Amino acid sequence: MNQIQELFETLPGCVWRTLANGELDRVNPGMLRYLGEIGDSLKRDWWSCLHPEDRPEIDKATPSLLDDTETTYPPLRIRRHDGVYRWFQCTDRKVHDEHGMLVGRCGIGWDIHDTVTATRDLRQRESAIRTIVDCIPGFVWQLGPSGELQYLNNRVFEYTGKTLDGLREPGWRDCVHADDVESFVGLWTRALQDRRSVTVEFRLRRADGVYRWFRTMGAPILNAQGSIDSWCGVDIDIDEEKRVDQSLRSAQSQLARTAQLAIAAELTASTANAINQPLAAVVANAFACQRWLSRTPPNVARAAAILDLIVQDSNAVAAIVKRIMAIIKGTPPTNSPVDLNGVIEDVMRLQAADLQEQGIAVVRKLQHDLPLIQANAALLRQVLVNLLRNAIDALSEHGPGPKILSIISRREPGELVIEVADNGRGYLDGSPLFEAFYTTKNDRLGLGLAIVRSIVESYAGRVWALHNDPMGSIIGFSLPT
């Protein structure tokens, strides 16, 4: 009995015993310390120390709960002696005498206030985080370790008009544009295999049937053991960005076309004006020479003098043409140290959208640690842009099979070499590829490779064209180091 008494008095919870009429009969020291002085009213109805919001539920539930031998009550707030309410988990059971008559109930209450408030705070934080996530101007998602869909924020449901279950595999495929499904699946499959971050651009159908461009960015979440717990990411609407980019590229293309026409018009006008007089003199002198030679006897001396004039006028025309070529080369540029690989990466970034749209795979073979060269970066960019545009045009008529564009940089004795290779239509032997106005396209002026040659040769470099194996072409140039 002493052990039971000691246990009763040392239990860290609140322990009580009530009589059959519900009157409080005995409490342990822990409960006494919590409640303070227990008056007659509290003895008669100790539930009166419950929070007013909890008492109605107890009063409503008590008749059925008291029929049970043991009763576990829902979490309750009990008033402490200083008026502060704390949460308790209470359980009691019936006590019978040796004749089986009900003599009262014994119960115990454990203070769970910290657990309840921590759980409530956690739920509030979860609710706040969920609200924040739903306010993010994008689609937030979470996948399982193997890519199975686990969570989407509300914006996804509002946009697609579908539920979470409706977007699970394979339901999401109905929302992605048919032309984008294969590349989307391929990139995600490789990301799951390689356990690496992924960025994919695709078109997603809205509930009203309209497709808009999105960029999804996802990354694996690793646990302490280095295994993937989940994948998290966000989809951002880039439809306006795509439209602006398309408009910009269209404007750039139009500008380039206008510039080409302007160059051609300028060259034509300049050439016409510059050579008109010497050519007119050549014609006039030729007629004069003909007259002197037609006489009887022919005046050979005068004819020879006129022929000298014709030679002089012809040389003048040649000088004019040479001056026009100097105009094409331009005035000496301002040079500075240039990282050729850096220029390549800049140009590839600017051309990435065109390459992706046309389904062209890019292979980079760039030798690291290339020395800097003294050149004008803007002119070198123009060279690379022209070479890439030439390769893209060649691949536009590519038949079945993959389209591949390779860009190579390497160091050779005394020079740096850059080559752009494609597996497109190639060129015919003897084609004057680097001559101005030579083109195989009706909508081109044929100045691209001529400008390449002009710029490269202005740096004492050289250009060349080779046949690619098994098909296509390799256009290259070198610059001295």
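The values are calculated or read from the model by the stated rules, or taken from the named source; none is laboratory data. Since the structure is predicted, the reported quantities are computational estimates derived from the model, not experimental observations. So basically every Cβ, Gly included, is an ideal-geometry build from the backbone, and we count neighbours across all protein chains shown.
Taking the condition modelled with pLDDT of 80 or more, among the basic types (Lys, Arg) and crowded, with 16+ Cβ neighbours inside 10 Å, does ARG411 pass? So ARG411 does not fit the description; no. Condition first: within 22 Å of GLN356 (Cβ to Cβ), assigned by TED's automatic domain parsing to the domain that holds TYR159 and among the hydrophobic types (A, V, I, L, M, F, W, C). Can you find one or more residues in the range 216-228 that meet it? Yes, there is a match, as at least one residue in the range 216-228 is within 22 Å of GLN356 (Cβ to Cβ), assigned by TED's automatic domain parsing to the domain that holds TYR159 and among the hydrophobic types (A, V, I, L, M, F, W, C). The single condition among (1) touching a Lys or Arg at 6+ places or on another chain (Cβ under 9 Å); (2) over 30 Å from PRO29 (Cβ atoms); (3) among the basic types (Lys, Arg) that ARG105 does not satisfy is (2).
You will find that of VAL95, VAL116, VAL133, the residue that is modelled with pLDDT under 90, surrounded by 14 or more Cβ atoms within 10 Å (Cβ to Cβ) and within 30 Å of TYR34 (Cα to Cα) is VAL95 and no other.
Does GLN358 qualify as being touching a strand residue (DSSP E or B) at 6+ places or on another chain (Cβ under 9 Å), farther than 19 Å from LEU340 by Cβ and polar (S, T, N, Q)? Criteria met by GLN358. None of PHE202, PHE157 is out of contact with any Phe, Trp or Tyr (no Cβ under 8 Å at 6 or more places or on another chain) and either in a loop (DSSP other than H, G, I, E, B) or surrounded by 12 or more Cβ atoms within 10 Å (Cβ to Cβ) (or both) except PHE157. Quick check, is PHE214 assigned to a helix (DSSP H, G or I) and not small (Gly, Ala, Ser)? In short, no.
Would you pick out the residues in the range 222-247 that are more than 17 Å from GLN193 (Cβ to Cβ) and either assigned to a helix (DSSP H, G or I) or without any contact (Cβ under 8 Å) to a residue 24 or more places away in the chain (or both)? Listed by number, the residues that qualify are ASN223, ALA224, GLN225, ASP239, GLU240, GLU241, LYS242, ARG243, VAL244, ASP245, GLN246, SER247.
Checking the condition under 23 Å from the mean Cα position of the chain (by Cα) and not polar (S, T, N, Q), which residue from GLY401, GLY414, GLY359 passes? On inspection, the qualifying residue turns out to be GLY359.
Residues satisfying the criterion are present in the range 357-379 (criterion: at pLDDT 80 or above, surrounded by fewer than 18 Cβ atoms within 10 Å (Cβ to Cβ), farther than 26 Å from LEU416 by Cα and among the charged types (D, E, K, R)). Note on the range 212-251: residues that are under 22 Å from ILE136 (Cβ atoms) and surrounded by 11 or more Cβ atoms within 10 Å (Cβ to Cβ) total 23.
As for the range 62-73, it holds at least one residue that is modelled with pLDDT of 75 or more, under 60 Å from the mean Cα position of the chain (by Cα), polar (S, T, N, Q) and surrounded by 13 or more Cβ atoms within 10 Å (Cβ to Cβ).
Residue under question is GLU126, and the condition is that it be outside the structural domain of ARG215 (by TED's automatic domain parsing), under 59 Å from the mean Cα position of the chain (by Cα), over 30 Å from PHE157 (Cβ atoms) and part of a helix (DSSP H, G or I); does it hold? Spelling it out, it is not the case that GLU126 is outside the structural domain of ARG215 (by TED's automatic domain parsing), under 59 Å from the mean Cα position of the chain (by Cα), over 30 Å from PHE157 (Cβ atoms) and part of a helix (DSSP H, G or I).
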